[in-house]
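Just below is one structure, and these are the notes that go with it.
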Amino acid sequence: MTDSAKEPAQQVAAAHEAFEREFERFAPFCGSVSANNLTLKQAEHIARELTELRARHTGKKSAIASCKKLVGRVAAEERASFGHLVQQTEAGMVQSLDEAEHALKHFIETARVERESIDVTLPGRRPRPGHLHPITLMRQRIEDIFVSLGYAVEDDREIETDFYNFDALNIPEGHPARDPQDTFYTTDAFALRSQTSTVQIHAMQRRGAPVRMIAPGRVFRRDTPDPTHNPMFYQVEGLCVDRGITMAHLKGTLAEFVQRLFGPETKTRFRPSYFPFTEPSAEVDYSCFSCSGPGCRICKWSGWIELGGSGMVHPNVLRAANVDSEEFTGFAFGLGIDRTCARIYQLDDIRLLFENDVRFLEQFR
Ligand code: DAH
């Protein structure tokens with residue numbers, strides 16, 4: 001080799017060496033990549049680095065590209081062999097790159113297919129459809145009956161002023177009836193309602209008279225939880241105000257209600273009682289849906305089950321809601337939804353209804 005070709009040949013050798021040095025770490029990927037224990041992510045990263053390496057060592061601005069430009073400057077008799085050297089060197093580099101790239105691509109494709117494949121023999125994921133809470137089911141049954149009797153369903157606030165929870169219901173400050181309904185006070189002026197009777201006032205203020213409505217909802221009392229008490233529970237209030245409403249309408253309505261709920265054989269019984277917002281007042285019982293009379297565990301051997309309180313709306317209550325108590329009379333009642341629910345499903349502990357244990361709730365679809 002004459003001197004005119006010596007230096008360019010060294011440049012080719014240097015370019016080749018530089019490539020080999022950098023390619024060294026990719027060499028193991030020529031052949032089988034899966035043997036290298038790569039993850040898909042790692043393989044993708046290495047493939048990107050390999051592309052960069054290719055650009056650096058075989059691209060337009062690479063050392064070998066500069067060598068090609070030297071071919072014209074080499075002495076004429078050396079030109080052919082120098083050209084051949086450059087070509088061979090470049091071809092060798094490209095081949096190494098191709099091999100590694102091919103193997104990596106193959107590995108990546110296989111890994112992707114594997115990742116996306118589905119094992120059709122695996123058991124399917126069964127959808128778990130939800131269902132309504134037993135209290136909701138009970139509430140809906142009650143609503144359906146009263147709606148069919150021409151009652152509107154009112155949904156009202158759970159946070160109340162003393163006026164709606166007590167004063168307007170004929171329970172002035174200092175009245176002993178406030179004590180058993182001690183509730184949760186948020187500020188001086190607001191409290192969680194202790195009874196759905198509050199909705200009687202709201203409904204009459206909104207609709208005036210005549211009015212026929214029921215109001216199911218949550219109420220709150222300062223009670224210590226035990227099998228028959230919970231500081232939060234559900235009631236349904238009922239109110240019917242019109243001209244000429246009498247106690248007979250009250251009795252007929254509740255008798256119809258329990259017969260639709262528990263069967264046509266169901267009887268009702270009214271016991272005199274006291275509520276500040278009704279006069280006269282009565283406690284309502286219905287004959288046991290399980291034994292129909294002789295007594296059993298469900299009715300605690302009495303043959304009767306308590307439904308709730310009721311009575312003729314006190315004139316003071318009508319007046320508090322701006323309804324003319326000379327022209328209108330009405331009856332009202334209040335029933336416990338969860339209590340009825342617990343009775344029907346024979347629950348020993350009312351708190352089961354509020355613990356949200358699906359193993360319990362799933363039994364009431
Ligand atoms: N509000 C009463 C309570 O929570 C239940 C009640 C009794 C409602 C008699 C009424 C009624 O509308 O007339 O104990």
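Residue 257 - would you say it is under 24 Å from residue 204 (Cα atoms) and not in a strand (DSSP E or B)? Step through it out loud before you land on a result.
Values: under 24 Å from residue 204 (Cα atoms): yes; not in a strand (DSSP E or B): yes.
So residue 257 fits the description; yes.
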**Request:** Check region 303-310 and report whether any residue there is at pLDDT 95 or above and over 39 Å from the mean Cα position of the chain (by Cα).
**Result:** yes
**Scope region 59-76; condition within 14 Å of residue 13 (Cα to Cα), assigned to a helix (DSSP H, G or I) and open to solvent by less than 70 Å² (accessible area, probe 1.4 Å); matching residues** = 63, 64, 65, 66, 67, 70
**Item:** Residue that is most open to solvent (accessible area, probe 1.4 Å) [pool: residues in region 77-102 that are in contact with a Cys (Cβ under 6 Å, 6 or more places away or on another chain) and over 16 Å from residue 10 (Cβ atoms)]
**Value:** 99
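Considering every residue within region 181-188, establish whether at least one is in a helix (DSSP H, G or I) and at pLDDT below 95.
Of region 181-188, the ones in a helix (DSSP H, G or I) are 181.
Applying the additional criterion that residues be at pLDDT below 95 yields 181.
Yes: region 181-188 contains one or more residues that are in a helix (DSSP H, G or I) and at pLDDT below 95.
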**Request:** Would you check which residues across region 189-215 are open to solvent by 30 Å² or more (accessible area, probe 1.4 Å) and outside any strand (DSSP E or B) and list them?
**Result:** 189, 205, 206, 207, 209, 210
**Message:** Among the residues of region 250-270, are any on the phi < 0 side of the Ramachandran plot, near the ligand (Cβ under 10 Å from one of its atoms) and not acidic (Asp, Glu)?
**Reply:** yes
**Request:** Tell me which residues, restricted to region 349-365, are modelled with pLDDT under 90 and assigned to a loop (DSSP other than H, G, I, E, B).
**Result:** 365
**Prompt:** Within the set of pairs 6+ apart or on separate chains, which have a first residue in region 323-335 that is closer than 29 Å to residue 305 by Cβ and in a loop (DSSP other than H, G, I, E, B), a second that is more than 8 Å from the ligand (Cβ to nearest atom) and open to solvent by 60 Å² or more (accessible area, probe 1.4 Å), and C-beta atoms under 6 Å apart?
**Reply:** none
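The values are calculated or read from the model by the stated rules, or taken from the named source; none is laboratory data. Everything quoted here is computed from the prediction, not taken from an experiment. All Cβ positions, glycine included, derive from the backbone under ideal geometry; neighbour counts span all protein chains shown. To get the accessible areas, we keep the full protein, side chains included, count just its heavy atoms, and leave off ligands, DNA and RNA. Shrake-Rupley method; radii C 1.70, N 1.55, O 1.52, S 1.80 Å.
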